[in-house]
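Chemist: Next up is a structure, given as structure tokens.
The values are calculated or read from the model by the stated rules, or taken from the named source; none is laboratory data. The model shown is predicted, which means the values in this text are computed figures rather than measured ones. Glycine also receives a Cβ, built like all others from the backbone with ideal geometry; neighbour counts cover every protein chain displayed.
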């Protein structure tokens, strides 16, 4: 997936599954990442990312405004910074 780096930085954070660092073998098998945060795919092991907390569940108007400002989306007849 070719996601622009700005969107990736604004919306997502690196994720490491806590179960991947467990001493229990069965828990480690159920984890979705390696201890370094890479996926456990058969052919490609990319970095696993998840949505930042402010964009999960109920999204606040402040989070939307922060995202709009960072992406350069402004109200009508107003210039970008």
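Chemist: Scan segment 23-33 for residues that are within 25 Å of residue 7 (Cβ to Cβ) and in contact with a helix residue (DSSP H, G or I) (Cβ under 7 Å, 6 or more places away or on another chain) and jot them down.
Modeler: First, the residues of segment 23-33 that are within 25 Å of residue 7 (Cβ to Cβ): 32-33.
33 - this is the single residue of segment 23-33 that is within 25 Å of residue 7 (Cβ to Cβ) and in contact with a helix residue (DSSP H, G or I) (Cβ under 7 Å, 6 or more places away or on another chain).
Chemist: List the pairs whose first member sits in segment 46-73 and is under 14 Å from residue 7 (Cβ atoms), whose second member is surrounded by fewer than 13 Cβ atoms within 10 Å (Cβ to Cβ) and at pLDDT below 90, and whose Cβ atoms are under 6 Å apart, counting only residues at least 6 apart or on separate chains?
Modeler: Close Cβ pairs (under 6 Å, with a partner that is surrounded by fewer than 13 Cβ atoms within 10 Å (Cβ to Cβ) and at pLDDT below 90) amount to 72/80.
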